[in-house]
Structure formats: C-alpha cells, structure tokens
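Following: one structure in structure tokens, then a few remarks.
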Amino acid sequence: MAEENNIPQENNQNVIPEQALEVEENNNHPGNMGLLNAFNQENDEFYTQLVDIENELCHYKDFFEGKVVFCNCDDPYESNFFKYFASNFNFLKLKKLIATCYEGSSIAGEQLMLAGFEDPQQQLGCRVPHKIEITEVKDENGDGAIDLADVEYLIKNKKNVLTRLKGDGDFRSKECIELLKESDIVVTNPPFSLFREYINQLISFKKEFIVIGNTNALTYKEIFRLFKEDKIRTGYTKFNIGMYFFVPDTYERFHMIQDGRRMVRVSTSCWYTNMYVSKHKEILTFYKHYSAEEYPKYDNYDAINVDKYKEIPDDYDGVMGVPITFLDKYNPDQFELLGINAGRDEFEVTPIKRYLNPIQHNRNGTTSNGSKANTRSTLLLKNRPTNMVYYTADNCEYPFSITYARIFIRRKRGTK
C-alpha cells in the first residue's frame, strides 16, 4: 500500500460501503456482507478480470487510434488493464501506453513478468512506485501475433521505458498529473474511496475515460451532476449484473476460486465513461399508459412513482420518480434529469412536505425512529399494513411507505 494514502493498487472501489445500493427495489446478494466486512477491515484490493475488460473495451476500438492511453492505478506486473493494452497495442493503433504503480502490492508478479524482472523485489531493491511507457510493440517471437510472450520483451526495446517514480505513485501526485496531461484516454479501476476525487480530476483536465465504479456512485451529488450535464454515462456492460474480482489470499471470505486464486462477486459494479455509448442515444419505447391508480403521486414530492423504468407511461409528460437504474438507459435527448433523492442527500429536488415526529412501524410490532421518512419519497397507504414496514407522522392522516432512492425525470417535448 502507499505510504501515506493507503491507496489500493487496482480496485478498491468495488467494495460495498456502509449500505449496499438498493436498485430496482431489491438487489441484495448474500455475498455482499462478506465484502462489507472486508471494507470495514480495510481489505480493499480487488483486481479486474481480463474478460471483463475485453467485453467492455471492444466497443471503443475506433476511439483509440493514435491516442495515448494512461492506466494510472495499474502495476504492469499485475494489472490486466496493462495486459490488455500491451497485447492489443498494434491492433488498437495506439500512440503510447503509460501505466503507473504505487508503492507495495500483495500479489506482486502473479500476473505479468516483464523483461526478465522475475523478482521485482530484487531487481528494484524493494517494491517501489514506477511507471512504464510503451511506444512500440513488436512480434518478437515471429508467430504473427502479439501476445504476452512478446510483452516480456517490451522494456528491452529502447523505445519503451520502465523507470522508478520519485513520489509514491498516487494519481494525485505531481508526477502522475504530468503524465495525465500527456494522455488522451484514461482506463483503469480507481479506488472506491477516492472515486469522486478521481472523476473530478479527469473532468478538470478534460480527459476521456473508461473506468469501473460502484453503482453507489450514481447517487453521489458530484457524479449525478455529471449525468445531468451529460458529462458521464454508464458503459456497455449490462448494468448491475455483478462482476467477479481477484483478491489476495489474505481474504478469508470469498465466493469462488479460479486458477488457484480467490475471487469475490460484487453485484453493484458498472463501467463509467464520458465517451460515446450508443445505447444512450437510443429512443426508449414504452408500452404502458398512465392511470392514477397504477402510478400514485408521492405524498412529499410533486411527482408520480414508477417502480421500474420499463413501466414509464408513454403518455405522461409530468415529473416522474424512477429507480436509479434508469441512468443506465438514459438518453439525454429524450428525458430531462431534474434531481435525485438518495438517503439524506437531495440534489435539486425539494420535498413539498416534511414529516413531524415520524415513527417506523416494524413487522414484529415494534416501533423505532422514523427519520428515514424525510430522506425518501413516500406513498400513502389506505390501511395500516400487517406484513410490511410502514410509517406514521403527526402531520399525516394516513400511514405511508417509503421508496428506495428515486431520480426525478421529465420527458422532453416532442419525444415519446
């Protein structure tokens, strides 16, 4: 780990923070509790599978020609991001590939061994921050293809350089920022705990990017604002299907073993990019029609509730509250993003009602503090239910329920 910042090498943003994201009403995978515990114990090193990288990046092939690609959270000895771009350097017609490594790694040398550095601890003296810059990849073994057998010769080529960094390799360091300025496209899996800051840096330097993130980030004010401004969008990989990541052998809780290595599944994972993604230009077609019975209005927001984005009524032009999974299909030419309410955060949406002394009524008959009622959208109930959690408040005549996080949208004029 880095000396001061404890920045994990490739992936720690895939661990689940304090509360797992609630999407399409229920996406809780039992294995996520193990990841939650891992997060609390600061075991946060998650490494991306090559197949997941290949499945996403194949859609951007035409955008890489003549570009400088920067993997600024990737040890070339370990990272499958580096492996992908080094192996496909000529196929993608890259101008240059840069990868930087921070100090320390628990699985050093398990994936890639380059240019005879079979023992990087001995060759470099200790596990130190370094960078590799690739400007030429030759078919060294003459088999007509560029594969990892050729990658071993990369830094023997005088046009390619492996050098030690003066600093700690943090993406925020002066050295890495200078490399960022030189780059065109950034592709990696940045630290979850620094995801806001990481994306903000890329936006500030006006860089194109394709990165893995946790779907929780959709609810961050800073990230949602970028969606609203059409400066970020989800990638091609099917949203929220779950991804498996390699973890160090020190992880006691894991879901499976592949090739002798432990892996964990993170259900709340997705790709984020500011590059062109065709699905976000498709006009969504809907089949349902509006009725007040099927689409009740919230008690505390001036909008109707839509439980699934597929059920958006095709004949309603007012404000609608939809699950955050809508962002994976969002076409800015068809809909307008008005705001979001997620937990205690409200961004550009203001409730028309605040509940006084709200009480939460639990399934077992007990009650507890109901302050959560003022953090989400609410729906009135005709009767007090017996098989679900519900709420009451001094200034509400009826019992009510709360929804998960909702994005407020409105159809743009002239679109259906």
*Give region 349-401 a look and list any residue that's hydrophobic (A, V, I, L, M, F, W, C) and either crowded, with 16+ Cβ neighbours inside 10 Å or under 36 Å from the mean Cα position of the chain (by Cα) (or both), or say none.*
VAL349, ILE352, ILE359, ALA373, LEU379, LEU380, LEU381, MET388, VAL389, ALA393, CYS396, PHE400
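Could you list, in sequence order, the residues of region 352-372 that are in contact (Cβ under 8 Å) with a residue 12 or more places away in the chain and either assigned to a strand (DSSP E or B) or of a type in the set (Gly, Ala, Ser) (or both)?
Answer for region 352-372, where residues must be in contact (Cβ under 8 Å) with a residue 12 or more places away in the chain and either assigned to a strand (DSSP E or B) or of a type in the set (Gly, Ala, Ser) (or both): ILE359, GLN360, HIS361, GLY370, SER371.
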*Among all residue pairs at least 6 apart or on different chains, which show Cβ distances below 6 Å where the first residue, located in region 177-197, is touching a residue at least 24 places away in the same chain (Cβ under 8 Å) and the second is among the acidic types (Asp, Glu)?*
ILE185/GLU208; THR188/ASP74; ASN189/GLU10; ARG196/GLU222
_I need the full set of residues from region 157-194 which are assigned to a strand (DSSP E or B) and within 23 Å of the chain's Cα centre (by Cα), in order please._
ILE185, VAL186, VAL187, THR188
_Those residues of region 33-78 which are part of a helix (DSSP H, G or I), within 16 Å of the chain's Cα centre (by Cα) and at pLDDT 85 or above, in sequence order_ = ASP52, ILE53, ASN55, GLU56, LEU57
*asked:* Can you go through TYR290, TYR298 and tell me which one is touching a strand residue (DSSP E or B) at 6+ places or on another chain (Cβ under 9 Å), surrounded by 18 or more Cβ atoms within 10 Å (Cβ to Cβ), farther than 30 Å from ASP52 by Cβ and in contact (Cβ under 8 Å) with a residue 24 or more places away in the chain?
replied: TYR298
*Assuming GLU197 fulfils every condition listed in (1) touching a helix residue (DSSP H, G or I) at 6+ places or on another chain (Cβ under 7 Å); (2) part of a helix (DSSP H, G or I); (3) surrounded by fewer than 22 Cβ atoms within 10 Å (Cβ to Cβ) apart from one, which condition is it?*
(1)
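Let me confirm something: among ILE340, ILE324, ILE304, ILE312, which residue is hydrophobic (A, V, I, L, M, F, W, C) and over 30 Å from TRP271 (Cβ atoms)? Spell out how you get there, then give the answer.
Details: ILE340 fails: over 30 Å from TRP271 (Cβ atoms); ILE324 fails: over 30 Å from TRP271 (Cβ atoms); ILE312 fails: over 30 Å from TRP271 (Cβ atoms).
That would be ILE304, the only listed residue that is hydrophobic (A, V, I, L, M, F, W, C) and over 30 Å from TRP271 (Cβ atoms).
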*For region 244-304, please list each of the strands (runs of 3 or more DSSP E) lying entirely inside it that holds at least 1 residues being at pLDDT 95 or above and assigned by TED's automatic domain parsing to the domain that holds PHE63.*
269-273
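The values are calculated or read from the model by the stated rules, or taken from the named source; none is laboratory data. It should be emphasised that the depicted structure is a prediction, and the values quoted were computed from it without experimental measurement. Ideal geometry is used to build each Cβ from the backbone, glycine not excepted, and the neighbour counts take in all protein chains shown.
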